[in-house]
1. Does Val221 count as more than 19 Å from Val104 (Cα to Cα), touching a Leu at 6+ places or on another chain (Cβ under 8 Å) and not in a helix (DSSP H, G or I)?
2. Being closer than 17 Å to Arg87 by Cα, acidic (Asp, Glu) and surrounded by 12 or more Cβ atoms within 10 Å (Cβ to Cβ) narrows it down to one residue among Glu207, Glu114, Glu188; which is it?
3. Find the residue count for the stretch 111-151, including only residues that are of a type in the set (D, E, K, R) and under 13 Å from Glu208 (Cβ atoms).
4. Taking Ser179 as the residue in question, decide whether it is touching a residue at least 24 places away in the same chain (Cβ under 8 Å) and within 18 Å of Pro215 (Cα to Cα).
5. Here are some residues: Gly164, Gly108. Which one is part of a strand (DSSP E or B) and either under 17 Å from Leu210 (Cα atoms) or of a type outside the set (A, V, I, L, M, F, W, C) (or both)?
6. If you go through the stretch 94-119 one residue at a time, how many are of a type outside the set (A, V, I, L, M), touching a strand residue (DSSP E or B) at 6+ places or on another chain (Cβ under 7 Å) and more than 24 Å from Leu172 (Cα to Cα)?
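The values are calculated or read from the model by the stated rules, or taken from the named source; none is laboratory data. What you see is a predicted model; the values in this text were computed from it and never measured. Here the Cβ positions follow ideal geometry from the backbone for every residue, glycine too, while neighbour counts run over all protein chains shown.
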Amino acid sequence: MGFLDEFNDFRSTLRRLAGHWRFVGALLLLLSVGAFFVQKKFFPAAPAPTTAAGPEKPEEKSAPTDKGEAESPAESVQSQMVEVPARPVLMIKGEGKWDDAAKVLSDGIGKVTEAARKAGLAASGRPLAVFTKTDDNGFQFQAMLPLAKAPDGKTKLAEGIEIGSSPDGKALKFEHRGSYDEIDATYEAITAYLDEKGLDTKNLFIEEYLTDLNPAEDANVDVDIYVFVK
């Protein structure tokens, strides 16, 4: 075989190889395209990761105000400075122990009220108890009933009832609302208030009973308390 024949055979081989590789390339391209569509259909790409939203932080609430200390007795009462006028009254003196205070005072008020009815005297205002002396053992007082007018020419009635005048002057007015058995707490608050303010008082105070004083246990009563100041 001459050179020309060998060259022609080499060219033929190249053509066959070229055809073969074109087939292989086409086949590879077809396989690649097929694989791409298979992946898209059956193996879709995972979504891009996103930042997970964390749980919302609960709204911070302000802590409830804590005073830390209970209200002091002096802060638990309110007072009003008033000028107490003298009024004509029927009155009776008495004394008693603190344990029986409501009954003793109620009995005294009942006596002056009944005396006014019997004498035909018109009352003008709510009954009073004027405390003239107090200590740990008990108290002395005058039960009083204010009158519209004092009877002429008389200073006494029967059964120890007298006609006179109620105390007058400058006083601090306090209030007690509740059971009379619990009035001690009100007086403790009043004492603390007077000490805190540095007020000098007389040994004289009045209870005015805006509602009937009932000696029954836990019976509520409205009382205005007048503490006379110097």
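1. On the way: more than 19 Å from Val104 (Cα to Cα): no; touching a Leu at 6+ places or on another chain (Cβ under 8 Å): yes; not in a helix (DSSP H, G or I): yes.
Here the answer is no, as Val221 does not meet what is asked.
2. Details: Glu114 fails: closer than 17 Å to Arg87 by Cα; Glu188 fails: closer than 17 Å to Arg87 by Cα.
From the options Glu207, Glu114, Glu188, the qualifying one is Glu207.
3. Residues in the stretch 111-151 being of a type in the set (D, E, K, R) and under 13 Å from Glu208 (Cβ atoms): 1 in total.
4. Numbers: touching a residue at least 24 places away in the same chain (Cβ under 8 Å): yes; within 18 Å of Pro215 (Cα to Cα): yes.
Judged against the criteria, Ser179 is a match.
5. Details: Gly108 fails: part of a strand (DSSP E or B).
From the options Gly164, Gly108, the qualifying one is Gly164.
6. Residues of the stretch 94-119 of a type outside the set (A, V, I, L, M): 94-100, 103, 106-108, 110-111, 113-114, 117-118.
Now narrow it down to the ones that are touching a strand residue (DSSP E or B) at 6+ places or on another chain (Cβ under 7 Å): 94-98, 108, 111, 113.
Among the residues that remain, those that are also more than 24 Å from Leu172 (Cα to Cα) are: 94-97, 108, 111, 113.
Qualifying residue count for the region: 7.
Results for (1) at pLDDT below 95; (2) surrounded by 14 or more Cβ atoms within 10 Å (Cβ to Cβ), shown as yes or no for each residue.
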residue: Leu145; (1), (2): no, yes
residue: Leu157; (1), (2): yes, yes
residue: Gly160; (1), (2): yes, no
residue: Ala171; (1), (2): no, yes
residue: Tyr180; (1), (2): yes, yes
